[in-house]
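Before any comments, here is the structure.
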Amino acid sequence: MRLSALSLAPIALLSLAACGEGGAIDENVKATVRQSIVASCAATAEGQVPEGVNVDLNKVCDCAADKLMAGKSVQDLVSNPPTSVEDLAPIKECLKEIGPVTVAPPPEG
């Protein structure tokens with residue numbers, strides 16, 4: 001049975017990633033993990049923010065992703081991805097750092 005070069009590409013990428021830290025592959029993996037963290041954070045937080053409360057979820061989630069990933073290698077991120085329980089502390093820190101959450105005035109009526 002012949003395997004095409006494309007079917008071997010994921011195996012080659014994983015092999016290269018396992019060789020050590022650094023390089024374009026590691027940066028791509030980190031970027032993908034970061035995107036996933038930000039998207040998950042924003043989607044989860046969107047339903048949690050009460051009506052009338054204004055907060056820049058993208059800023060908060062970007063900040064939280066940076067804190068979650070700080071000091072972790074690609075191997076750490078792939079073998080032990082952040083969990084939602086871990087996400088809470090950085091999100092709280094980021095909310096404090098970014099500034100006060102504003103509350104929209106109640107509609108007049």
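The values are calculated or read from the model by the stated rules, or taken from the named source; none is laboratory data. This is a predicted model, so every value here is computed, not measured. As a convention, Cβ positions derive from the backbone with ideal geometry for all residues, glycine included, and neighbour counts pool all protein chains shown.
Reported count of residues in the stretch 57-89, each being at pLDDT 85 or above and touching a helix residue (DSSP H, G or I) at 6+ places or on another chain (Cβ under 7 Å), is 13.
Kindly list, by first and then second residue, each pair from a residue in the stretch 40-54 that is among the acidic types (D, E) to a residue that is in a loop (DSSP other than H, G, I, E, B) and loosely packed, with under 14 Cβ neighbours inside 10 Å, limited to pairs with Cβ atoms under 9 Å and residues at least 6 apart or on different chains. Pairs that qualify, where the first residue is among the acidic types (D, E) and the partner is in a loop (DSSP other than H, G, I, E, B) and loosely packed, with under 14 Cβ neighbours inside 10 Å, are E51/A104. Restricting attention to the stretch 46-83 and to residues that are under 28 Å from V101 (Cβ atoms) and among the acidic types (D, E), the residue that is surrounded by the most Cβ atoms within 10 Å (Cβ to Cβ) turns out to be D62. The sole residue among V78, V60 that is touching a residue at least 60 places away in the same chain (Cβ under 8 Å) and β-branched (V, I, T) is V78. Take the conditions over 30 Å from G23 (Cα atoms) and charged (D, E, K, R) and apply them to K96. Does it pass? Taking the combined requirement at face value, the residue satisfies it.
For the stretch 40-89, give me each residue that is part of a loop (DSSP other than H, G, I, E, B) and among the polar types (S, T, N, Q). Give the derivation first.
Initial filter on the stretch 40-89 (part of a loop (DSSP other than H, G, I, E, B)): 47-52, 55-56, 70-73, 80-83.
Listed by number, the residues that qualify are Q48, S73, N80, T83.
Residue under question is V29, and the condition is that it be at pLDDT 85 or above, over 21 Å from L95 (Cβ atoms) and either surrounded by 11 or more Cβ atoms within 10 Å (Cβ to Cβ) or touching a Phe, Trp or Tyr at 6+ places or on another chain (Cβ under 8 Å) (or both); does it hold? Steps first, answer last, please.
Details: at pLDDT 85 or above: yes; over 21 Å from L95 (Cβ atoms): yes; either surrounded by 11 or more Cβ atoms within 10 Å (Cβ to Cβ) or touching a Phe, Trp or Tyr at 6+ places or on another chain (Cβ under 8 Å) (or both): yes.
Taking the combined requirement at face value, the residue satisfies it.
Filtering the stretch 43-93 to residues that are more than 22 Å from E27 (Cα to Cα) and small (G, A, S) leaves A43, A45, G47, G52, S84, A89.
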